[in-house]
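Written below as structure tokens is the structure these notes are about.
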Amino acid sequence: MSNRLNVAPNDLSAFWMPFTANRQFKQAPRMLVGAKDMHYTTADGRKVMDGTAGLWCVNAGHCRPKITEAIQRQAAELDYAPAFQMGHPVVFELANRLVDLAPEGMDHVFFTNSGSESVDTALKIALAYHRVRGEGSRTRLIGRERGYHGVNFGGISVGGIVANRKMFGTLLTGVDHLPHTHLPAKNAFTRGEPEHGADLADELERIVALHDASTVAAVIVEPVAGSTGVLIPPKGYLQRLRAICDKHGIVLIFDEVITGFGRLGTPFAADYFGVTPDIMVTAKGVTNGVIPMGAVFVKKDIHDAFMTGPEHLIEFFHGYTYSGNPIASAAGLGTLDTYKEEGLLTRGAELAPYWEDALHSLKDAPHVIDIRNIGLVGAIELRPIDGQPTKRAFSAFVKAFEKGYLIRTTGDIIALSPPLIIEKNEIDELVDGVREVLKAID
């Protein structure tokens, strides 16, 4: 530990950091060396409140005993087992526990190692599903502007965040995009689901008419778009998407990598909005972010469409070396135990009104042009500095860390998604900290 506490900037050159301003970071590194419950510990011994659940993933808080103990036991008993043509009991137990939590009819789980892998897996399942049903012409994938679906080729193709796409050329062909649902002129400072914008779902009808339904395989959306700055679906929007997909035989995929496992005060966003997709993509909270793992839920009819032909043949030629890894599976069980014993999958619903009031108390803070919230997630949108987009929010991020708060920024938006164990006094502390940060930046 002492060695890690004394890392100097000139030791940092080998690691090319992801989604990071590398040169800025390495001039003044922000090092975390410990964590417990709601707080990180920095290399210089300061406590930093985690206002973002790590990267939207540490839903149960940090270093929780049941998860730690489950990992330790499993590592000493069975460290690795191949997932191809072999199995181990822990992953089957985890799959059963997850299916018990899932919306009705989502009876099967395919394990991956991340949200990005989960998205690409879901897209491949959708394409293959149509093929095994004799509709192989359905190859077109529909995403949404400002959508984030990870960073693998499928995910950034259906994703709609320009900075994530522009350096990589055409990516997958045959992809189209719905418009995003951010309507600040009509919905600014909305509490919960916006009133305006459900009709934007009807753009799917236009896209289907353009390409013909016989060519469209799947539509993928985040129920709440998180990484782009917390864009909340207008009332009725997801219901209309579901109806249009049903009408045209299109697979509807929900990317619940962020919204899954209690973020909205329900186990999944599908529960919150009362809309069940055909495929549901998860990761992050499935293991509390402790060990990489993703889980793709599918409806029974999709799974069963593959279970034909000679029984000795592989039904779906896809998977990963670490699909259902024993230690990750144990971490998942420890996580689910923690969620259940502490009521964390529904705790967000109890705290949501208090969270909402606290966030909207920032309406008159400097630079604020919009506030959005749902469940235990929220966004404070800042007025950009002329000619320097993203700089104001990045300044807020750095200043917040200096003051003892970890926040997430995207563009000129501050996103907050604290661990679900947060208490009301800690909500007050976090929001007061953001208020002081906004006063301190230009």
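Check cross-link reach from Lys424 to the lysines: straight Cα distance under 19 Å, and skip same-chain residues fewer than eight apart.
Lys36, Lys47
At a 1.4 Å probe, what is the % contribution of carbon and sulfur to the accessible area of segment 120-172?
The value for segment 120-172 is 56 percent carbon and sulfur by accessible area.
Which percent of the accessible heavy-atom area of segment 283-323 goes to carbon and sulfur, probe 1.4 angstrom?
Solvent-exposed carbon and sulfur of segment 283-323 make up 59 percent of the total.
With a 1.4 Å probe and all protein chains left in place, how much accessible area per residue does segment 171-222 have, in Å²?
Averaged over the residues of segment 171-222, the accessible area is 44 Å².
With a ≥ b ≥ c the root eigenvalues of the C-alpha gyration tensor of segment 203-316, is it rounded (a/c under 1.5), prolate (a/b larger than b/c) or oblate?
It comes out oblate by the Cα gyration axes.
Please give the calculated 222 nm ellipticity per residue for the chain, where each DSSP H segment of at least 4 residues contributes -39500 (n - 2.57) and the sum is spread over every residue; nearest 500 deg cm²/dmol?
-11000 deg cm²/dmol
Would you please give the residues with an amide H less than 5 Å from that of Gly265, counting only those at least 5 places away or on a separate chain, with H modeled from the backbone geometry?
HN-HN under 5 Å from Gly265: Gly348, Ala349, Leu376.
Rank these residues by their accessible area, most exposed first, probe 1.4 Å: Tyr322, Tyr148, Tyr272, Tyr339.
Tyr322, Tyr272, Tyr148, Tyr339
Could you tell me the relative contact order of the chain? Use alpha-carbon pairs under 8 Å, at least six residues apart, and round to a whole percent.
The value is 22 percent.
Quick one: 3J(HN,Hα) in Hz for segment 15-24, Karplus 6.51/-1.76/1.60 with θ = phi - 60°, rounded, Gly and Pro as x.
In residue order, the calculated couplings are 8, 7, 7, x, 6, 9, 6, 4, 5, 5 Hz.
Hydropathy at least 0.0 by Kyte-Doolittle, axial extent at least 15 angstrom from the Cα trace: which helices of the chain, defined as entire DSSP H runs, fit?
89-101, 115-132
Compute the Cα gyration tensor for the chain, then decide on rounded, prolate or oblate, letting a ≥ b ≥ c be the square roots of its eigenvalues: rounded whenever a/c is under 1.5, prolate when a/b is larger than b/c in the other cases, and oblate in all that remain.
Oblate is the answer for the chain, as a/c is 1.5 or above yet b/c matches or exceeds a/b.
Counting only protein chains, not ligands or nucleic acids, how are Phe397, Phe273 ordered by accessible area (probe 1.4 Å), most first?
The most accessible residue leads, giving Phe397, Phe273.
In whole percent, and with a 1.4 Å probe on the protein chains, what portion of the accessible area of segment 1-113 is carbon and sulfur?
Of the solvent-accessible surface of segment 1-113, carbon and sulfur hold 57 percent.
Just to confirm, what accessible area per residue do you get for segment 1-131 at 1.4 Å probe, in whole Å²?
56
If amide hydrogens are placed 1.01 Å from N in the peptide plane, which non-local residues have theirs closer than 5 Å to the one on Val33?
Long-range HN contacts for Val33: Thr41, Thr42, Ala43.
Under a point spin-label approximation (7 Å from Cα along Cα-to-Cβ), what is the Val151-Lys235 distance to one decimal in nm?
Between Val151 and Lys235, the label points sit 3.9 nm apart.
Rounded to the nearest 10 Å², what accessible area does Lys186 show when all protein chains are kept and the probe is 1.4 Å?
Its accessible surface works out to 140 Å², give or take rounding.
Of His303, His130, which has the most accessible area and how do the rest follow, probe 1.4 Å?
The most accessible residue leads, giving His303, His130.
Mind grabbing the accessible area of Glu342 for me, 1.4 Å probe, Å², rounded to tens?
Ignoring ligands and nucleic acids, Glu342 comes out at about 80 Å².
From the phi angles alone, apply the Karplus equation (6.51, -1.76, 1.60; θ = phi - 60°) to segment 52-63 and give each ³J(HN,Hα) in whole Hz, x where the residue is Gly or Pro.
Those phi angles translate into 10, 6, x, 10, 6, 10, 8, 5, 8, x, 8, 6 Hz.
Could you state the number of Å between the C-alpha centres of segment 44-63 and segment 257-336?
24
Between Lys439 and Gln27, 0.36 nm times their residue separation minus their Cα-Cα distance comes to what?
Extra length from Lys439 to Gln27 when fully extended: 145.8 nm.
Need one word for segment 399-442: rounded, prolate or oblate. Basis is the Cα gyration tensor (sqrt eigenvalues a ≥ b ≥ c); a/c below 1.5 gives rounded, then a/b vs b/c decides.
oblate
Ratio of Rg to Rh for segment 273-423, alpha carbon only, Kirkwood?
Result: Rg/Rh = 1.09.
Taking amide hydrogens as modeled 1.01 Å from N in the peptide plane, which residues meet the under 5 Å criterion relative to Arg408, leaving out close sequence neighbours?
Correct list: Ala415.
With labels modelled as points extended 7 Å from the Cα through the Cβ direction, what inter-label distance (nm, one decimal) is found for Lys363 paired with Lys403?
Simple spin-label model gives 2.1 nm for this pair.
The values are calculated or read from the model by the stated rules, or taken from the named source; none is laboratory data. Just so it is clear, the model here is predicted, and its values are computed rather than measured. Note: ideal-geometry Cβ built from the backbone for every residue, glycine included; neighbour counts use all protein chains shown. These area figures cover heavy atoms from the full protein model, side chains too; ligands, DNA and RNA do not enter into them. Shrake-Rupley method; radii C 1.70, N 1.55, O 1.52, S 1.80 Å.
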